[in-house]
1. Mind listing the phi-derived Karplus ³J(HN,Hα) values for segment B:12-19, rounded to whole Hz, using 6.51, -1.76 and 1.60 with θ = phi - 60°, and x for any glycine or proline?
2. Just the number, please: carbon plus sulfur as a percent of the accessible area of chain A, 1.4 Å probe, no ligands or DNA/RNA counted.
3. Roughly how large is the B-A contact in terms of buried accessible area, totalled over both chains, probe 1.4 Å, nearest 100 Å²?
4. Near the amide H of A:A210, under 5 Å away, which other amide H atoms are found, from residues 5 or more places off or on another chain, if H is placed in the peptide plane?
5. So who's got an amide H within less than 5 Å of the one on B:V64, skipping anything under 5 residues away but keeping other chains? H placed 1.01 Å off N, in plane.
6. Which of A:V177, A:V123, A:V163 moves most in a GNM of chain A, Cα contacts under 10 Å?
7. What are the radius of gyration and Dmax of chain B, computed over its Cα atoms and given in Å?
8. When you count, for each residue, the other Cβ atoms within 10 Å and take the mean per peptide, how do B:57-70, A:140-153 rank with the highest first?
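The values are calculated or read from the model by the stated rules, or taken from the named source; none is laboratory data. Computed from a prediction, not measured in an experiment: that's the story for all the values here. Cβ atoms come from the backbone with ideal geometry, glycine included; neighbour counts cover every protein chain shown. Only protein heavy atoms, including side chains, enter the accessible area calculation; ligands, DNA and RNA are left aside. Shrake-Rupley method; radii C 1.70, N 1.55, O 1.52, S 1.80 Å.
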Amino acid sequence: MCEHCGCTVTGGNAHLLEAGTPGASRTVEVLEGLLAANDRAAAHNRAHLARHGVAAVNLMSAPGSGKTALLEATIEALAGELRIAVVEGDLATEKDAERIRARGVPAVQIATGTACHLDAHLVHRALHELDLAAVDLLLIENVGNLVCPAAFDLGQHRSVALVSVPEGDDKPAKYPVLFRAADLVLVSKCDLLGVLDGFDPAAVERHVRALASAAPVWRVSARTGEGLGRWCGWLRALVAEVHAGAAAATR
Amino acid sequence: MHELALCRALLAQAERIAAAHGAHAVRRVELRVGPLSGAVPELLRAAFAVARAGTCAQEAELVVHEGAIEVECEACGARGPAATPNRLHCPACGGWRTRVVAGDELLIERVELALAPRAREGGAEHV
């Protein structure tokens, strides 16, 4: 009967029994972020960019909000002043990178295949295709998507979210996670405000504040140039800040 | 939509932990997922069922603890629950300048490992 009650188990042979028991287990406390590997890669990107004194901005929005058009207008406005490079994220095609290269700016296209967002590893690979010594400002156009890009740190210094006038002013309330991650919110295609009178820019700001975010909410139009001066000023200030940091680090 | 990518990252971590402890399988993974994390527990569970195939966690159970959002007011110092993920105002004074102190977690809390033959210690420990 001893094989049933366990009275033959001693300190010397207990491990034999335990090893053969399907129930033997160990619980390990982890308390690590699910995205720890991505976050490590993002920190690596940030250090890499800092070493070269490159300021990086992550642009996020829904597809068709005018990210590429804003980049084109920005490149034109800052031509001869800041050396810009662009990383383009899309599921497929080189179309956006070709639009940027046509403006004389180096652009790396990341085709994510089926992935709905950029991650730090993809951006890391793209960084190695660029001559960072010849870049002041890196603009990263994330995959058009208001959900997933928010979860992945790329190693950028600032994040910008765009909401275009045709989309409606309630986007920040509908996609709180992404808009909460933005350091600046741009209301793009603001030249359409006169046509689409249902859009209230003040409502965008109210929704952003409800996310406990102090991010400025500014209007821009790549078509008319409205707001580009302020946006470019913001980019200049960021480049100066990152340059100063890089200079301080090498002293 | 990115829950499959999250599960792949989760399984890579679980496999590393299992290997480090000489375990041959992962029996259970417990996550803490806040409403402001951007991940949807239901989609995580569905993605996990697909992603775990062929890994050492292929029979593992996924447990998702869903936390609540808590904010601390920078103006009045009050601390309490937020109404919804898109209304993070102070529950006391109604001000918008608050700090999220809970609710944006995306954490692996613990994993339960099936011990490989010859392993015999039990109990919990930190990695």
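1. Each residue of segment B:12-19 in turn: 4, 5, 5, 5, 5, 5, 4, 4 Hz.
2. On the way: 5860 of 10790 Å².
Carbon-and-sulfur percentage of accessible area, whole number: 54.
3. Working: alone 8130 and 12740 Å², together 17130 Å².
Result for this pair: about 3700 Å² buried.
4. none
5. B:L31
6. In this elastic network of chain A, the residue with the biggest mean-square fluctuation among A:V177, A:V123, A:V163 is A:V177.
7. In Å, with Rg to one decimal and Dmax whole: 18.2, 60.
8. A:140-153, B:57-70
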